[in-house]
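The next block holds one structure in the form of structure tokens; read it before the comments.
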Amino acid sequence: MVDLDRESAAEMLAAMVSPEVSALDQLFAFEDLMCAGQPGLRELALRTASLSENPVIRGQVLIRSIFETEILTIRLDQPEEPTETQAERLASDPMISLPVRYRDPAQGCMSFVDRGICDASSLATVFGTTLDISISSGSPKLVGSFAYEHGDRLNGQVTLDGATYPAWIALY
């Protein structure tokens, strides 16, 4: 962690979202800001970067946010024409909480079982601006895919015990 003065921080924040700045320099500005010793500055960097047109910067927002979470929470939304089962699920338990047991940012994966690896039976993977989840063992059994466009959340859908729901994940 490093302390950044106001002027340097302001320049890096502006550089992150400026279309005149190269993608590489935008990435370096983001990385430098994420090393700031001031927690508020790191959060401001995440929030500012989430508005970037550069998909690499948005992908970094996704990675930084997802890999710092202790519990991945998926919020279910109501389908256009919900079945009785879907309506009951949404009324009783509209969220799925998955405690993160292992993470490997270098490989872009996290696991919800404690085996010291990214276990394929309970896995989330990040590639660019997408997050895919597959849990085939234990409960709940689900498959989901999410995309990150801008802002503070991923949008997508999950299939949970055979029923599909629109869903989202808060990033910060």
Among MET12, MET1, what's the order by accessible area (1.4 angstrom probe), most exposed first? MET1, MET12
The answer for the chain, accessible area per residue at 1.4 Å probe in Å², is 54 Å²
If you take the Cα atoms of region 6-53, find Rg, then find the Kirkwood Rh from the mean of 1/r over all pairs, what is Rg/Rh? 0.92
What is the set of long-range amide H partners of ARG153 at a cut-off below 5 Å, with H atoms built 1.01 Å from backbone N? LEU171
In whole percent, how big is the carbon plus sulfur part of the accessible area of the chain, probe 1.4 Å, protein atoms only? 53 percent
Keeping all protein chains in position, work out how much accessible area ILE63 exposes to a 1.4 Å probe, and write it in Å² to the nearest 10. 50 Å²
The chain: Cys lacking any partner C-beta under 4.7 angstrom: CYS35
Heavy atoms of the protein only, probe of 1.4 Å, neighbouring chains included. What is the accessible area of GLU43 in Å², nearest 10? 90 Å²
Between the alpha carbon centres of region 1-29 and region 99-172 the gap in Å comes to 30 Å
Inverse of <1/r> over all distinct C-alpha pairs of region 70-170, i.e. the Kirkwood Rh in Å, gives 13.9 Å
Could you work out the Rg to Rh ratio of the chain, with Rh taken as the Kirkwood radius (inverse of the mean 1/r over all Cα pairs)? 1.04
Roughly how much of PHE28 is accessible, in Å² to the nearest 10, using a 1.4 Å probe? 110 Å²
From DSSP H assignment alone, runs of 4+ in the chain each adding -39500 (n - 2.57), the sum over residues rounded to the nearest 500 puts [θ] at 222 nm at -10000 deg cm²/dmol
Other-chain or far-sequence residues with amide H under 5 Å of ALA167's (modelled H): ASP77, GLY156, GLN157, VAL158
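The values are calculated or read from the model by the stated rules, or taken from the named source; none is laboratory data. These figures come from a predicted structure and were not determined experimentally. Note that we place each Cβ from the backbone using ideal geometry, even for glycine, and neighbour counts take in every protein chain shown. Note: accessible area is taken over every heavy atom of the protein model, side chains too, but ligands, DNA and RNA are not part of it. Shrake-Rupley method; radii C 1.70, N 1.55, O 1.52, S 1.80 Å.
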